[in-house]
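*Asks:* Can you keep this structure in mind? I'll have questions shortly.
Read the figures in this text as sums done on the coordinates, not as results from a lab. Please read all numbers here as calculations on a predicted model, not as lab measurements. Cβ coordinates were reconstructed from backbone atoms using ideal geometry, including for glycine residues, and neighbour counts include every protein chain displayed.
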Amino acid sequence: MISTYISNFHNVFGKYHDLMPWEITANLPTILSEMMSNLNDAFEIKNGIAIHRSATIESGAVIKAPAIISENCLVAATGYLRGGVYLGRSSIIGPGCEIKTSVFMEKSVAAHLNFVGDSLIGNDVNFEAGSITANHYNERVWKEISVVHDSKIIPTGSTRFGSLIGDHCRIGANAVLFPGSLLLPQTIVDRLQLFNQSSNSPDGISPH
């Protein structure tokens with residue numbers, strides 16, 4: 001499933017790429033800890049956090065283990081990474097962003113004031129200010145998350161999963177992606193829009 005959305009996921013995550021997205025996020029701390037043992041000496045590894053020597057971590061950023069921050073990444077002041085986070089080459093986490101148990105592939109950006117939780121983010125994805133991936137149904141009694149893939153509803157068996165966002169997607173300012181959202185490559189989510197894929201109501205979604 002993941003390869004339909006993220007072209008090079010298998011190159012980075014090897015033996016794990018055949019797992020379902022929610023299985024990746026559920027096991028991400030363990031996966032990252034295993035991946036760290038294969039990193040080269042271009043990374044400085046300390047207390048379960050691996051940071052490439054070319055990456056920039058501004059004063060005031062908080063990174064909690066485990067985490068892998070790849071080459072030429074930027075984590076801005078007041079950025080907050082927790083629960084297992086992978087940042088691919090040249091990705092940017094702006095000020096006031098919280099990234100929880102998520103993967104960002106290459107050249108993806110959370111601009112500022114974003115929340116991305118329990119999600120897989122492809123290459124060259126951009127989150128404008130204030131956009132979020134919701135990862136839990138706080139508002140309903142039945143909390144298990146389902147996804148829609150190839151026009152089929154698939155139960156995840158999980159109560160915490162955010163989004164699988166394909167390569168080159170654009171998420172507009174203050175947009176909200178409901179739990180279990182799957183965005184094909186080059187999807188555009190308009191500003192202030194809600195994407196509720198599980199109810200087949202992708203308001204404001206259009207291809208390039």
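*Asks:* Would you mention how many residues in region 56-97 are farther than 18 Å from residue 118 by Cα and surrounded by 22 or more Cβ atoms within 10 Å (Cβ to Cβ)?
*Replies:* Residues meeting the conditions: 3.
*Asks:* A further question on this structure: With respect to the numbered conditions (1) surrounded by fewer than 20 Cβ atoms within 10 Å (Cβ to Cβ); (2) of a type in the set (A, V, I, L, M); (3) over 18 Å from the mean Cα position of the chain (by Cα), which one is the sole condition not fulfilled by residue 19?
*Replies:* Unmet condition: (3).
*Asks:* Specify the residue that is surrounded by the most Cβ atoms within 10 Å (Cβ to Cβ); the eligible residues are those in region 110-162 that are small (Gly, Ala, Ser) and on the phi > 0 side of the Ramachandran plot. Quick ask: steps written out before the conclusion?
*Replies:* At the first step, the residues of region 110-162 found to be small (Gly, Ala, Ser) are 110-111, 117, 119, 122, 129-131, 134, 146, 151, 157-158, 162.
From what is left, the residues that are on the phi > 0 side of the Ramachandran plot are 130, 151, 157.
On the way: 130: 19, 151: 6, 157: 13.
Looking at residues that are small (Gly, Ala, Ser) and on the phi > 0 side of the Ramachandran plot, I get 130.
*Asks:* Now a separate question. Where in region 1-79 are the strands (runs of 3 or more DSSP E), entirely inside, with at least 2 residues that are under 25 Å from residue 168 (Cα atoms) and of a type in the set (A, V, I, L, M, F, W, C)?
*Replies:* On the way: elements: 43-46, 49-52, 67-69.
Per the criteria, 67-69.
*Asks:* What is the number of the single condition among (1) closer than 18 Å to residue 30 by Cβ; (2) surrounded by fewer than 20 Cβ atoms within 10 Å (Cβ to Cβ); (3) aromatic (Phe, Trp, Tyr) that residue 43 does not meet?
*Replies:* (1)
*Asks:* Would you confirm, using the coordinates I've provided, whether residue 93 is of a type in the set (Val, Ile, Thr), in contact with a Lys or Arg (Cβ under 9 Å, 6 or more places away or on another chain) and free of Cβ contacts under 8 Å to residues at least 40 places away in the same chain? Let's see the steps before the verdict.
*Replies:* Details: of a type in the set (Val, Ile, Thr): yes; in contact with a Lys or Arg (Cβ under 9 Å, 6 or more places away or on another chain): no; free of Cβ contacts under 8 Å to residues at least 40 places away in the same chain: yes.
The answer is no for residue 93.
*Asks:* Here is a follow-up. For residue 31, work out the one condition from (1) of a type in the set (Val, Ile, Thr); (2) touching a strand residue (DSSP E or B) at 6+ places or on another chain (Cβ under 7 Å); (3) surrounded by 16 or more Cβ atoms within 10 Å (Cβ to Cβ) it doesn't fulfil.
*Replies:* That leaves (2) as the condition not met.
*Asks:* Quick one: count up the residues across region 175-194 that are assigned to a strand (DSSP E or B) and either in contact (Cβ under 8 Å) with a residue 60 or more places away in the chain or buried (at least 24 other Cβ atoms within 10 Å of the Cβ) (or both). Reasoning before the result, please.
*Replies:* Pass one, region 175-194, residues assigned to a strand (DSSP E or B): 176-177, 181-183, 187-189, 194.
Still in the running and either in contact (Cβ under 8 Å) with a residue 60 or more places away in the chain or buried (at least 24 other Cβ atoms within 10 Å of the Cβ) (or both): 177, 181-183, 189.
Matching residues across region 175-194 total 5.
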